[in-house]
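Here the structure comes first, spelled out in structure tokens, and everything after it is commentary.
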Amino acid sequence: MTTVSIEVEVTSPYPAEIVFKVFNNFHTIAPKVNPQVFKSIEIVEGDGDVPFASGKFRQDVIDENTFTYNYTFFEGDNLMGILDSINHYVKIIPSALGPDGGCVFKQTVVYNCKGDEKPSADTLKFEKDLYEKTYKAIEAYASDHPESYS
């Protein structure tokens, strides 16, 4: 099986605890800040399968102590007909970027291909840009709506 990956890294003036809480509400915030991509996200079963747009994923890890969460897309059009799955590994690293601390949001996305065909360089660039823009939009939303993480 062939794999290809992208790395997303975004610095934030917000503490890691807040960023982690906000991203745990991704299912409610993402459709508000990026409705072109996320029409709706419906949790259908506990912390398991969550279908949105044209994909289903399972939550693999949520660790509040290390600010990590991992999830795997296993079904849907987002697999482009050439992928078995897409693994997302997210780590929010505390830093001293702002007066209340800050953090670095790091996300590794691994595309697990069915065969030798893999997503094009243009597709990977588009996806990386999309993840960065969505992060910034969610961060801006949280800044304007503190209730999203309290």
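The values are calculated or read from the model by the stated rules, or taken from the named source; none is laboratory data. If you're wondering where the values come from, they're calculated on a predicted model, not measured in any experiment. All Cβ positions, even for glycine, are placed from backbone atoms using ideal geometry, and neighbour counts span all protein chains on display. The area values use the complete protein model at the heavy-atom level, side chains included, leaving out ligands, DNA and RNA. Shrake-Rupley method; radii C 1.70, N 1.55, O 1.52, S 1.80 Å.
Some observations on this one:
- Helix 121-144 axis, angle to the chain major axis (alpha carbon atoms, nearest 10°): 30 degrees
- Over the chain, Cα pairs under 8 Å with separation of 6+ residues give a relative contact order of 32 percent.
- Averaging the sequence gap over all C-alpha pairs within less than 8 Å and six or more residues apart, then dividing by the number of residues, gives the range 54-96 a relative contact order of 37 percent.
- Helix-only [θ]222 nm of the chain, DSSP H runs n ≥ 4, -39500 (n - 2.57) each, per residue, nearest 500: -8500 deg cm²/dmol
- Spin-label proximity, residue 25 to the range 113-149 - amide N less than 14 Å from point 7 Å beyond Cα toward beta carbon: 138-149
- Using the 1.4 Å probe convention, the accessible area of the range 67-150 works out to 51 Å² per residue with neighbouring protein chains retained.
- If the segment from residue 104 to residue 17 were pulled out straight at 0.36 nm per residue, it would be longer than the present Cα-Cα gap by 30.2 nm.
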